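To start, the structure itself, in structure tokens.
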Amino acid sequence: MKPSLALSFCMILLGCTSESQTVPTERQPLFPFVIEDGAIPFIHESGARGLRHISETVGSGGALFDADGDGLLDLYLVQGAPDHPDETATPVNLLLRGTEEGFIPFEKETGTGDSGDGMGCAAGDFDNDGDTDLYITNDGPDRLLMNDGTGRYTDETFERGIQQSRFGSAVSTLDVDQDGDLDIFLGHYVEFSAETFQPCMRDDLEVYCAPMNYPGIPCVLLINDGNGFFSDASKEAGLEELPAKALGILTADIDLDGDTDIYVANDGEANFLLINQFQETGLVRFTDQALISGCALGEDAKKEAGMGVDGVDLDEDGDEEILVTNFEAQTNSCYRNDGNGLFLETSFINGMGSPSLPWVGFGIRSMDINLDTMMDIFVTNGHVIDNIGEVSGGKLSLAQPDHVYLGTDRGFVVSEPHAHSTLKAGRSAISGDLDNDGDLDLILTCWQDTPRILRSTAAGDTPVIGIELIGDGKTCPRDAIGAKIEVKTQDQIRYREHRVQSSYLASHDPRQLFALKKGQVTAEVSIQWPGGKRETTVISAGSYHRWEQGKGITQSTAFRAPKP
């Protein structure tokens with residue numbers, strides 16, 4: 001932890017309250033995004049038909065990835081569906097082609113228009129053939145779509161061993177058994193049946209039922225055989241003993257022992273910290289250590305409505321903090337990692353707590369928004385009760401402002417990006433460099449509405465390094481999930497674990513960006529490949545560098561000039 005940040009934490013814990021010692025929480029008007037509303041030809045359909053089924057409230061997400069190999073990010077948006085569809089035109093998921101002018105429909109049929117009641121998705125190279133496939137979770141049968149390399153997909157769900165048909169939510173890729181291919185970890189939400197549904201009331205008004213009204217469902221682990229065919233290893237992994245109400249999944253080497261652990265954000269139940277025993281035993285077996293580690297409950301030791309989740313090394317000490325979004329009257333959580341298996345909830349200490357209390361948080365993304373080399377946090381908010389305005393007597397609303405927590409040496413400063421735009425009910429926050437100019441933009445999915453683009457204007461004179469990691473497909477998946485990145489300059493060392501899925505039902509741009517300080521033009525970068533060796537080289541700012549395991553930098557592509 002940096003001395004200044006550690007000193008600030010200590011002062012607050014001891015009750016020091018002078019202006020110079022408290023974490024600033026004033027709102028800042030400066031925000032490096034231009035909001036583009038209505039630029040994406042898609043409207044989310046929740047499936048709501050006046051019956052208020054819980055499956056209608058929590059979707060949907062999406063993915064940013066290069067489906068057709070043209071060097072530009074494409075966008076996949078997951079669509080909901082009614083429990084009893086009776087319309088002739090059924091809503092379907094949509095794959096949009098990224099161009100320099102924006103997102104447009106593909107001219108050819110892509111095979112990605114799943115009509116299930118969609119929730120989340122994961123983009124990944126499941127057969128290690130060099131292109132990006134898709135796994136889609138539904139409230140109902142999931143789908144596995146395999147890419148032929150041109151952006152044309154084929155549904156190979158059942159042929160490849162996928163037989164998941166319960167209420168799916170988040171999904172994440174990982175190499176849990178360190179054999180060089182992508183396995184799949186599935187979150188499940190609750191046991192809900194439209195046939196046995198009973199409405200819930202609040203003050204004589206019908207509302208969406210809370211998850212406490214339904215039993216949870218265990219998560220699922222699907223093991224890849226090396227060729228993109230899967231088998232269910234949930235029982236052997238100990239997951240069937242842990243009924244979940246999962247909405248968020250984070251894969252990370254939490255205990256720094258070299259294998260991948262899993263954090264599960266549960267809605268209304270204690271969160272899970274699933275520590276993988278593979279490194280010690282050679283067997284994939286998880287034990288839940290969240291309660292004894294201090295990251296199962298909120299700051300008041302109560303269960304919270306965990307939804308979105310992300311991991312980030314805020315204090316640059318080589319281990320990741322865990323970020324979780326929660327319901328109104330609960331803070332968004334920041335579990336600080338002490339590096340020895342223990343966590344401390346620090347949201348009130350670091351300035352995240354109070355500003356998050358009035359809102360229902362969903363997507364959360366850690367990123368260097370203003371390119372000052374310090375990690376910031378973006379949260380998109382939106383209620384789950386469609387008539388909450390009537391229920392609350394006008395005190396609360398379905399559509400809510402999103403928030404940015406700008407990182408400083410003394411905690412976070414909060415700002416609202418939507419001061420001059422219409423509010424919506426946010427769900428997923430998906431990050432990616434849409435215009436290849438060296439900064440991260442955001443796609444925000446919105447309940448029963450069009451998505452937003454938050455296009456970053458931070459790129460300019462700031463030096464930035466871009467990295468695209470390619471594993472060898474033998475000891476490490478081609479997607480290089482789980483690789484550990486260290487970026488060293490003369491006055492700073494930053495650590496990041498490579499993952500693609502986090503936030504809420506989201507799959508992000510797989511490339512990594514690191515801003516440097518003014519005047520710096522290079523950095524020493526080291527990659528610890530999963531199952532392989534550590535490689536180190538010096539990288540120049542101003543480009544995306546493709547780094548292939550065992551080969552080093554094989555291609556560098558200069559950032560495009562920022563749009564005026």
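Structural remarks
Residue-wise test of (1) closer than 30 Å to residue 365 by Cβ; (2) assigned to a strand (DSSP E or B).
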site	(1), (2)
201	no, yes
226	no, no
231	no, yes
240	no, no
248	yes, yes
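- Some residue of the stretch 443-454 being assigned by TED's automatic domain parsing to the domain that holds residue 185, assigned to a loop (DSSP other than H, G, I, E, B) and in contact with a Phe, Trp or Tyr (Cβ under 7 Å, 6 or more places away or on another chain): yes
- Residue in the stretch 514-558 that is nearest to the chain's Cα centre (by Cα), counting only those that are exposed (fewer than 14 other Cβ atoms within 10 Å of the Cβ), among the basic types (Lys, Arg) and within 26 Å of residue 491 (Cβ to Cβ): 534
- Test: residue in the stretch 453-463 that is in contact (Cβ under 8 Å) with a residue 60 or more places away in the chain and surrounded by fewer than 19 Cβ atoms within 10 Å (Cβ to Cβ): yes
- Among the residues listed as 491, 509, 472, the single one being over 22 Å from the mean Cα position of the chain (by Cα), among the acidic types (Asp, Glu) and either within 21 Å of residue 455 (Cβ to Cβ) or buried (at least 18 other Cβ atoms within 10 Å of the Cβ) (or both): 472
- The stretch 260-269, residues that are within 16 Å of residue 311 (Cα to Cα) and either in a loop (DSSP other than H, G, I, E, B) or over 20 Å from the mean Cα position of the chain (by Cα) (or both): 260
- Of all residues in the stretch 470-488, those satisfying the criterion of being of a type in the set (A, V, I, L, M) and within 18 Å of residue 312 (Cβ to Cβ) are 481, 483, 485, 487.
- Among the residues listed as 404, 391, the single one being over 24 Å from residue 438 (Cβ atoms) and either among the β-branched types (Val, Ile, Thr) or out of contact with any Gly (no Cβ under 8 Å at 6 or more places or on another chain) (or both): 391
- Between 187, 226, the distinction of being surrounded by fewer than 24 Cβ atoms within 10 Å (Cβ to Cβ) and of a type outside the set (D, E, K, R) belongs to 226 only.
- Filtering the stretch 345-358 for residues that are in a loop (DSSP other than H, G, I, E, B) and either over 25 Å from residue 293 (Cβ atoms) or free of Cβ contacts under 8 Å to residues at least 40 places away in the same chain (or both) leaves a non-empty set.
- Meets criteria (more than 24 Å from residue 511 (Cβ to Cβ), under 19 Å from the mean Cα position of the chain (by Cα) and modelled with pLDDT under 95) for residue 403: yes
- Of the strands (runs of 3 or more DSSP E) entirely within the stretch 477-564, those holding at least 2 residues that are at negative phi and of a type in the set (A, V, I, L, M, F, W, C) occupy 484-489, 512-515, 522-528, 534-540, 552-558.
The values are calculated or read from the model by the stated rules, or taken from the named source; none is laboratory data. These figures come from a predicted structure and were not determined experimentally. Because the Cβ atoms are built from the backbone with ideal geometry, glycine has one as well, and the counts that use them run over all protein chains shown.
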